[in-house]
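Reviewing the structure listed below.
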Amino acid sequence: MGIAGTDVAKNASDIILTDDNFTSIVKACMWGRNVYDSISKFLQFQLTVNVVAVMLCFIGSCAHGASPLRAVPMLWVNLIMDTFASLALATEPPTKDLLDRQPYGRTKPLISRTMLKNIIGHGFYQLIIMLVILFYGQTLFDLKLASYEDDNPTVHGTILFNTFVWMQIFNEINSRKCHGERNVVKGIFNNYIFIGVIVGTTAAQIILIEFGGHAFATTGLSWQQWLICVGIGAGELIWGQIVATIPKSVIPNGMRLGTQPFTQAEAKPGQNAVDEIPEASSTSDPSSERV
């Protein structure tokens, strides 16, 4: 106890309740699990964006000699996935649902099989969509000029960039849950920072597309093209439900990341300490036994 406890008891204890209230232990466990989940949500979102962006730029550069995403739009994407996403996903308030799960073990991987399934699943969806727009967008949208045929801003390149950002916005909503939950919007209005980030990102994206010009390598889009970009992005929510139906067993158990196995070498010091207890008692001073 932090108030009623003695200094000797405080020095010998591992946990001190500063308010002498045992319910603080429950709150501490809830907040600890919430911090762990916040890190997992951010990693799941950021790794998905990074994998898709790297693969898209690599394939586009190999096929057309230039990156499909220009430098300034890439900076905006990095701002979305680094700064804004960390604010949105790391500020989720804890809920009592966190206490319904089993405690995490010391060997639990930071990137679980469920998270890896989500990263691969959403990365696959986004990469396929982006490659279709990259290679067939000129035909699908009836455009006269492809993005890689001119250094000036084109409708093709703007659609490519706009669709990519909208998929990240909706995937940010999917990333609120990283343990296979289906209801990704549960409690979303309890986090005002998350709502503010989504609204702010949406407003900024509209301004960049319509008024970015040469600075952001964008040009204005028609309302039909806007509907297509937003609709493809919203498809992330539907695709997220499909990914959630896939069991995590499809991911091999050895593909979990961010953990080291609990080896015998790690267990040896603790085992030696236990083994030494009987030896110490058997070789204790006879005079102390008489006392």
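Suppose R0 equals 45 Å; then what is the FRET efficiency for Val8 and Thr83 from their Cβ-Cβ distance, rounded to the nearest 0.05?
Efficiency, rounded to the nearest 0.05: 0.45.
Please list 55-62, 33-40 highest first by mean number of surrounding beta-carbon atoms within 10 Å per residue.
33-40, 55-62
I'd like the distance between the alpha-carbon centres of region 163-222 and region 72-136, rounded to an integer number of Å.
Using only Cα atoms, the two centres lie 13 Å from each other.
Among 138-146, 210-218, what's the highest-first ranking by average C-beta atoms within 10 angstrom per residue?
Descending mean neighbour count gives 210-218, 138-146.
Take the alpha carbon gyration tensor of region 134-175, find the square roots of its eigenvalues, order them as a ≥ b ≥ c, and report rounded if a/c is under 1.5; if not, report prolate when a/b exceeds b/c, else oblate. Intermediate values should be presented prior to the final figure.
Values: a/c = 3.69, a/b = 2.27, b/c = 1.63.
Prolate.
Please list, in order along region 198-208, the HN-Hα scalar couplings obtained from phi with the Karplus expression 6.51 cos²θ - 1.76 cosθ + 1.60 (θ = phi - 60°), rounded to whole Hz, x for Gly and Pro.
Result, ordered by residue: 5, 5, x, 5, 4, 5, 5, 5, 5, 5, 5 Hz.
Classify region 55-118 from the C-alpha gyration tensor, please: rounded if a/c falls under 1.5, else prolate or oblate depending on whether a/b exceeds b/c.
oblate
Extension gain Gln102-Lys186, at 0.36 nm per residue separation less the Cα-Cα distance, in nm?
So the extension gain works out to 28.2 nm.
Taking R0 as 30 Å, what's the FRET efficiency between Leu140 and Asn253 from their Cβ-Cβ distance, rounded to 0.05?
0.15
What ranking, highest mean first, results for peptides 191-203, 95-107 when packing means the other Cβ atoms within 10 Å averaged over each residue? Kindly include the intermediate steps, with their values, before the conclusion.
Numbers: 191-203: 15.2, 95-107: 10.4.
In descending order of packing, they fall as 191-203, 95-107.
No lab work stands behind these numbers, since they all come straight from the coordinates. Owing to the predicted nature of the structure, the values given are computational and were not obtained by experimental measurement. Because the Cβ atoms are built from the backbone with ideal geometry, glycine has one as well, and the counts that use them run over all protein chains shown.
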